[in-house]
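What follows is a short report on a single structure.
FYI, it's all coordinate maths here, none of it is from the lab. Predicted model, so just to flag it, every value in this text is computed and none were measured. Cβ atoms come from the backbone with ideal geometry, glycine included; neighbour counts cover every protein chain shown.
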C-alpha cells in the first residue's frame, strides 16, 4: 500500500524500523512525551505560580520548539525518545501557563468562555501525543 491509503500503524512501524526501533521499543516514542508531561504538570503549575505565566509560556516554547526540531531530525532511537520527553516537559510548562493567561486576561463570562472554546480544540489537535509523533 502506498501514500495516504496506507494505515497509520503500518507507517509508524516502517518509519520506526528505519530509525532502528524494535516493535517493543516503538511505544516509547509516544510514552516518553506522555510520561514527562504527566510527571511535570504539577511542577509546571507551581512554576507558573512562582515565576509568572508569561515567563513560563516563553520558557515552555523555548523548550518545546527546539525539541520538536530535534525529534524531527533524529536519526537514532534514543535521540527521538529524548526529544519526545523534552517535548512533554515543555508542554507541562505551557499548559498551565496558557490556562492561567486565559483565566487572568479574559473577564469572567462569555469572553472567557470563547477563549476557552478556542483553547480546547487547539490543545486537542496535538494531544494525545501520538498525533505529533515524528515517526507517523
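On the basis of the beta-carbon distance and an R0 of 25 Å, residue 49 and residue 76 show a calculated FRET efficiency of 0.10. Protection proxy ranking, highest mean first, for peptides 113-119, 65-71, 87-93: 87-93, 65-71, 113-119, where packing is the per-residue count of other beta-carbon atoms within 10 Å, averaged. The mean sequence separation of alpha-carbon pairs under 8 Å and at least six residues apart, normalised by the residue count of the stretch 22-131, gives a relative contact order of 35 percent. Given their separation in residues at 0.36 nm each and the Cα-Cα distance between them, residue 61 and residue 122 gain 20.4 nm when the chain is fully extended. Residues 75, 111 in ascending order of nearby Cβ atoms (within 10 Å, fewest first): 75, 111. By the beta-carbon count within 10 Å of each Cβ, the least crowded to most crowded order of 47, 107, fewest first, is 107, 47. For residue 42 and residue 17, the difference between the fully extended length at 0.36 nm per residue and the C-alpha to C-alpha distance is 5.5 nm. With neighbour counts taken as other beta-carbon atoms within 10 Å, the residues 106, 73 rank, fewest first, as 73, 106.
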